[in-house]
Every structure is written in structure tokens, then in C-alpha cells.
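Notes follow once the structure below has been shown.
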Amino acid sequence: MEDRPLALYRRYLWESKNISWIYTSGIDQLFASRRQYFETCGMAQHMLTEAQQHEIDDLIVAATLAAESQVERESWGWTIRIPLKPWGLFCATEPEGAVCARFSLLSAEASQDPVGMFAVQRIAPNSPMRQTSLIPRDVSTHLLVEQYFDESEQLPARIAISSKEALMALSMPNAEWDIVKGLSETDLFSLFHELLRENEVKEEKADDTLSEKAREIKAKFAQAKGDPIGSMIGDLKLMHESVFYYGCRCDIRQIRQMIEHLPQSQQEELWQDSKSIEVQCPRCGRTHILTR
């Protein structure tokens, strides 16, 4: 897919406090790539309620932040059933930056489940799959991502999401975590931007011998060039940057292989007397047409 919108994510280390920050201001780009994917694949947008759309969007953003928090890129799969809600959510992220999600309605029995569940599958290159199953302690999807890091990784995390930007603060061993632990999402954004602005103030003071026009040109050049990995930005060290976009690796060959690995009885039930069948990708919901 040519010229897809890309959302830039950056991972910083707050060295003096031993806290990792993952930040993006490209939420609009991430969802623009989803619209492009749906249009290119001929997929209709789900007619979701505002609450349903919020939950799936929340999960997509939180899952990408979680993926970028790791030094080694992995494949992640999040499967969530929130207590007493009649829908389930799935989101997958890939090492190259692709992310996709799927919303599904549950059976009447499952929607009455007062406990719910969520599971996280992680696959690192040349390593076996790791799966963690947890009981939700909240009804917000990004808070469940926080719960995963807290309970499974033993590293407390905080996530804040707005319409344009998102960030994740992740505790490293021996972090001064109390600094961010009790902050609201608004204050979490404020603290992070304050740390970034420290560098801007230093740059302004260093440039006060230049004309206003020269400072503007220099600022535009610096923004286009970007900061090198390992550079200090305020009290933050830039450790890594990557892009995320909405997409799925599914194709007709993979779907056919998936069908061929089913027991013969299930294949016959699926095909019956048809010369072609429609099969939806279980990850992104894209419909593929198979012929015998």
C-alpha cells in the first residue's frame, strides 16, 4: 500500500528517575491509515456506538504504545472480553509496525459474564509464544493494558490518550515511580511536555544572538532533521523511534492454508456444494473469496 499515513512513536528514558516514556502525536495518522486500509480492501466501516468505537480505538492506541515499550520488537495479540459488555475485542501488533483490530458481538450467555477475561500472546523472533491470561480489574481497555504490565511484567505503567497524542510511562527497576503514580492523565501529559520543553528553553537561550528569522529557519531545519538516537532532550534520552500503521498480513494464500489445516469434516461442512466461499480474516475481518 503506497503512501500510507504513518504514526511516529518515540521511546525516551527519563534517566534521573529511571522511567521509560513512549510518546506519539500521530493518533490522527494511525486512524487515517485505518480508513485507507478499509477503503483499499473494500471493507465497510463497522456501525459501532460511540462507546464501542471508543473501546476499540483505545485498545489500538494502548497496544501500539505497549509494543514500542519493548527493546526487542515482538508480535503481540490482545484478546479482551470486558465484564457485562456484549462485545469482545482483539488487537494485534507486528514488529514491522502493522496494527489491526477486530470488534465482535458476543453470545447472550457470554455478554452476561460478570468476570470477563483478557489474554495477551507475545512471540519474539526465534522464541516460543508466551501467553498470559488475566481477570480484568477495570472496564477501560487502556487500563487493562496497564494491568498487564503491573501484574504480568511486574512493572507499573500509566497510559494517557487524547484525540491527537498518547503516551505511556513505564517503570524501570528501581524507578522513582511515585512521581507519576498518582497523576491524572492530563497531568501526565503536562509533566512529559514540561520535560521536553526544558530542551526548547535551552535552545532559545543559545540562539538569542540570532535574528528572529534565523531562529525560525534553524528551528524548521532541526524539526525536519529530527533528533539522533541517544541524544538528550531536556531530561529525556531518545532511545528509539518507529512508525505504526493500520494493516494486516492476511492474504488469500494464508486463508487457504488456514482452511486446509482444518479437519476434513469441518472442511466439507464449510464448502458443502459451493464452488466458492467467503472467509473473514480472524484478525482484521477482511473478507477473502476462496474457490475450489
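The values are calculated or read from the model by the stated rules, or taken from the named source; none is laboratory data. Since the model is a prediction, treat every value here as computed from it, not as a measurement. Note: ideal-geometry Cβ built from the backbone for every residue, glycine included; neighbour counts use all protein chains shown.
Odds and ends about this structure:
- A Cβ distance below 7 Å, combined with a sequence gap of six or more or placement on separate chains, defines the contacts here; from the range 103-123, residues that are over 17 Å from V139 (Cα atoms) and at pLDDT 85 or above reach no residue that is β-branched (V, I, T) and part of a strand (DSSP E or B).
- Spans of strands (runs of 3 or more DSSP E) in the range 1-109 with at least 1 residues of a type in the set (S, T, Y) and in contact with a Lys or Arg (Cβ under 8 Å, 6 or more places away or on another chain): 7-14, 19-24, 75-81
- Residues being without any contact (Cβ under 8 Å) to a residue 24 or more places away in the chain and at negative phi - total across the range 1-25: 1
- Listed by first and then second residue, the pairs linking a residue in the range 170-181 that is in the same structural domain as I19 (by TED's automatic domain parsing) to a residue that is charged (D, E, K, R), with Cβ atoms under 7 Å apart and 6 or more places separating them unless they lie on different chains, are A175/K17; E176/K17; I179/K17; V180/R158.
- Single unsatisfied condition, S152 versus (1) in contact with a Phe, Trp or Tyr (Cβ under 8 Å, 6 or more places away or on another chain); (2) surrounded by fewer than 16 Cβ atoms within 10 Å (Cβ to Cβ): (1)
- Identity of the residue in the range 75-87, at pLDDT below 95 and over 17 Å from Q147 (Cβ atoms), that ends up nearest to the chain's Cα centre (by Cα): W87
- Test: residue in the range 169-184 that is surrounded by fewer than 17 Cβ atoms within 10 Å (Cβ to Cβ) and touching a Gly at 6+ places or on another chain (Cβ under 9 Å): no
- Summed over the range 280-291, the residues that are surrounded by 14 or more Cβ atoms within 10 Å (Cβ to Cβ) and more than 26 Å from the chain's Cα centre (by Cα) give a count of 1.
- Residue, nearest to C248 (Cα to Cα), within the range 91-149, restricted to residues that are touching a strand residue (DSSP E or B) at 6+ places or on another chain (Cβ under 9 Å) and among the hydroxyl-bearing types (S, T, Y): T93
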